[in-house]
Amino acid sequence: MERYLYTVAEVSEILKINRNAVYELINHGLLQGLKLGAMKITKLEVVRFIDTYNGKNLDDLDNIKDLMVVAN
């Protein structure tokens, strides 16, 4: 059966960030969650987030910029 909901811990593993960072993304409105007992994030929302912020520098969530890569 396909999964449609992920826990914060599962999303942190998918995005390779810690759980607190997932909550920060939610608190800044960059990632939408829903409260069903514990916080959950839909699969569709995870995909939307990745598509939307691909190529962006999210180190400072109040100042999101395009990712600048310097070639050697």
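The values are calculated or read from the model by the stated rules, or taken from the named source; none is laboratory data. Every value quoted in this text rests on a predicted model; they were computed, and no experiment measured them. Cβ: placed from backbone, ideal geometry, glycine included. Neighbour counts: every protein chain shown.
Annotations
- Listed conditions (1) on the phi < 0 side of the Ramachandran plot; (2) touching a Leu at 6+ places or on another chain (Cβ under 6 Å) are all met by V69, apart from (2).
- Residue among L31, L61 that is at pLDDT 95 or above, touching a strand residue (DSSP E or B) at 6+ places or on another chain (Cβ under 9 Å), in a loop (DSSP other than H, G, I, E, B) and surrounded by 10 or more Cβ atoms within 10 Å (Cβ to Cβ): L31
- Close pairs from segment 12-28: first within 15 Å of I64 (Cα to Cα), partner of a type in the set (D, E, K, R), Cβ under 8 Å, at least 6 apart: H28/D62
- Of everything in segment 1-16 that is part of a helix (DSSP H, G or I) and of a type in the set (A, V, I, L, M), the residue that is surrounded by the fewest Cβ atoms within 10 Å (Cβ to Cβ) is A9.
- Exclusive hit being in contact with a helix residue (DSSP H, G or I) (Cβ under 8 Å, 6 or more places away or on another chain), surrounded by 12 or more Cβ atoms within 10 Å (Cβ to Cβ) and among the charged types (D, E, K, R), set R48, R19: R19
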